[in-house]
Amino acid sequence: MNYSAKALSINPSVTLSVSAKVEELKKQRKHVVSFCIGEPDFSTPEFINEQTKRALDDGFTKYSPASGILPLKQAVCEKLKKENNLNYSPENIVVTAGAKSAIFHTLFSTLNDGDEVVIPAPYWISYPEMVKLAGGKCVFAETDAKNGHKITAELVDSLITSKTKCLILNSPNNPSGAVYTLQELKEIAEVIVNRDIFVISDEVYEKFLYGDNQHFSIAALNEEIFSRTVTVNSLSKTYSMTGYRVGYLAADKMLAKTISAVLSHSIGGIAAFGQYGAVAALKEDTDYCLNSCRVYEKRRNVLLAELSKTENVFYTEPNGAFYVFADVSYYYGKSYNGRIVSGSEDFADCLLDEGVAVVPGIAFGRDSFIRLSFTVEEDEIRLGMQRFRNFLKKMRNI
Ligand code: PLP
């Protein structure tokens with residue numbers, strides 16, 4: 001059988017294959033410090049699970065509307081108004097199976113074959129694959145580590161052609177931890193409006209901010225950018241609800257309606273009981289997000305202190321999200337236990353032999369880098385970095 005050319009054009013997820021290797025080692029009772037996990041290590045708060053269980057008991061186990069239940073759409077509107085200064089009504093909101101599905105369905109509903117999508121690199125693993133699946137063409141905006149891995153308005157402007165449909169913006173950023181300032185967003189918004197494209201603003205890490213950094217939703221800047229933005233968010237990272245698969249997007253009514261129609265023929269409405277759990281998460285005013293962010297900030301500082309003791313590894317301090325993106329290319333071309341380390345995949349593979357798991361940067365479009373996630377307890381971070389340094393010491397010139 002001939003498979004779909006689009007399906008064959010995509011790469012399987014590197015994060016999943018690293019996780020599979022870690023699981024394999026754990027089964028063999030080997031201890032691994034895993035810096036490769038892209039989800040909070042905290043449990044879902046009890047008040048959310050309680051509401052979900054109540055919804056199950058109340059019989060919310062049947063088909064639900066494709067674009068989401070009204071109470072959740074209303075809760076999303078309230079949240080976006082209060083926290084992001086965005087005025088949407090329920091017809092603008094589409095509830096999706098996580099942010100992943102929000103982005104995929106937006107691309108699928110807007111792209112025609114050959115339309116170009118500007119993706120800042122390094123990027124979250126799934127963006128290029130989703131663009132390809134939707135028939136689009138990726139145009140990478142190559143950023144510089146010296147500029148904190150951020151795109152500039154000029155760079156975006158220089159990449160726009162008559163075929164460009166949209167830009168995917170992700171702040172706070174996975175994998176770099178970059179957070180765009182208000183001024184930077186204003187400049188990027190100006191280009192989007194002037195060149196008449198739209199932007200998908202992926203804000204899933206908005207609550208994970210360190211130091212004085214603040215999050216701004218690009219759509220809130222003015223009316224013109226508001227109408228050209230699809231704001232994407234999810235409860236996965238914020239409320240440790242990755243397995244619930246609840247996300248959402250906010251867009252103009254026509255687009256929201258189109259995406260809902262596509263959804264009605266793909267996954268349909270996501271599990272209603274999970275959506276009720278999400279309503280509780282958004283409505284109940286708890287300090288959960290703030291508290292977990294403070295824990296991550298402490299872990300971030302531990303990891304940065306450890307990295308500062310590690311020779312010839314270069315990184316930018318993350319201002320948001322929960323990752324450090326580190327350049328380890330100084331060690332490429334050296335050998336470890338007789339194996340030549342020629343790129344980030346070799347590096348991550350050999351490091352795993354020392355009981356430390358990281359994600360190779362090639363998955364994010366940067367082979368010189370590795371990504372370390374600090375969703376790991378402080379003592380584990382220290383142990384992992386001790387092993388990391390031992391590993392580097394074992395590397396030999398060839
Ligand atoms: N966007 C970014 C930048 C991510 O890092 C992730 C998950 O790792 C997602 C979206 C997907 O989130 P969700 O679990 O809500 O689908």
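Tabulated values for the structure
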quantity	calculated
Matching option when the condition is within 16 Å of the ligand (Cβ to nearest atom) and either closer than 30 Å to I160 by Cβ or not hydrophobic (A, V, I, L, M, F, W, C) (or both), among E91, E116, E39	E39
Residue that is surrounded by the fewest Cβ atoms within 10 Å (Cβ to Cβ), among those in region 1-36 that are within 16 Å of the ligand (Cβ to nearest atom) and part of a helix (DSSP H, G or I)	L16
Of the criteria (1) closer than 28 Å to V376 by Cβ; (2) surrounded by fewer than 16 Cβ atoms within 10 Å (Cβ to Cβ); (3) over 22 Å from the mean Cα position of the chain (by Cα); (4) in contact (Cβ under 8 Å) with a residue 40 or more places away in the chain, which one A305 fails	(4)
Matching residues in region 100-113 - criterion: being within 17 Å of T229 (Cα to Cα) and away from the ligand (no atom under 11 Å from the Cβ)	H105, T106, L107, F108, S109, T110, L111
Of the criteria (1) modelled with pLDDT under 90; (2) surrounded by 12 or more Cβ atoms within 10 Å (Cβ to Cβ), which one A66 fails	(1)
Of all residues in region 39-60 being small (G, A, S) and over 28 Å from Y296 (Cβ atoms), the one that is surrounded by the most Cβ atoms within 10 Å (Cβ to Cβ)	A55
Test: residue in region 260-277 that is closer than 26 Å to L167 by Cβ, buried (at least 24 other Cβ atoms within 10 Å of the Cβ), within 15 Å of the ligand (Cβ to nearest atom) and in contact (Cβ under 8 Å) with a residue 24 or more places away in the chain	yes
Residues within region 136-151 that are crowded, with 17+ Cβ neighbours inside 10 Å and in a loop (DSSP other than H, G, I, E, B), tallied	6
Candidates V262, V246 - the one that is farther than 18 Å from A178 by Cα, out of contact with any Gly (no Cβ under 8 Å at 6 or more places or on another chain) and of a type outside the set (S, T, N, Q)	V262
Residue that is among the β-branched types (V, I, T), out of contact with any His (no Cβ under 6 Å at 6 or more places or on another chain) and over 27 Å from P12 (Cα atoms), where the choices are I362, I370, I381, I340	I381
Unique match (being among the aromatic types (F, W, Y), more than 30 Å from E223 (Cβ to Cβ) and either within 16 Å of the ligand (Cβ to nearest atom) or in a loop (DSSP other than H, G, I, E, B) (or both)) among F47, F60	F60
Filtered residue count, region 169-206, keeping only those that are within 16 Å of the ligand (Cβ to nearest atom), under 30 Å from V358 (Cα atoms) and of a type outside the set (G, A, S)	14
Test for S227: is it of a type outside the set (A, V, I, L, M, F, W, C) and either within 16 Å of the ligand (Cβ to nearest atom) or closer than 29 Å to T44 by Cα (or both)	no
Lone unmet requirement of (1) at pLDDT below 95; (2) touching a Phe, Trp or Tyr at 6+ places or on another chain (Cβ under 8 Å); (3) of a type in the set (D, E, K, R) for E39	(2)
Among residues of region 119-135, those that are assigned to a helix (DSSP H, G or I) and either within 19 Å of S176 (Cα to Cα) or within 16 Å of the ligand (Cβ to nearest atom) (or both), counted	7
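Residues checked against (1) β-branched (V, I, T); (2) surrounded by 19 or more Cβ atoms within 10 Å (Cβ to Cβ):
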{"position": "R294", "(1), (2)": "no, no"}
{"position": "A326", "(1), (2)": "no, yes"}
{"position": "G333", "(1), (2)": "no, no"}
{"position": "I340", "(1), (2)": "yes, no"}
{"position": "L351", "(1), (2)": "no, yes"}
{"position": "R371", "(1), (2)": "no, yes"}
{"position": "F391", "(1), (2)": "no, yes"}
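So that you can scan it fast, the table gives a plain yes or no per residue for (1) modelled with pLDDT of 95 or more; (2) among the polar types (S, T, N, Q); (3) under 17 Å from G177 (Cα atoms):
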| position | (1), (2), (3) |
| --- | --- |
| F325 | yes, no, yes |
| Y331 | yes, no, no |
| G338 | no, no, no |
| D349 | no, no, no |
| D367 | yes, no, no |
| I370 | yes, no, yes |
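The values are calculated or read from the model by the stated rules, or taken from the named source; none is laboratory data. This structure is a prediction, so every number in the text was calculated from the model and none was measured. Neighbour counts are summed over all protein chains in view; Cβ atoms, including those assigned to glycine, are modelled from backbone coordinates with ideal geometry.
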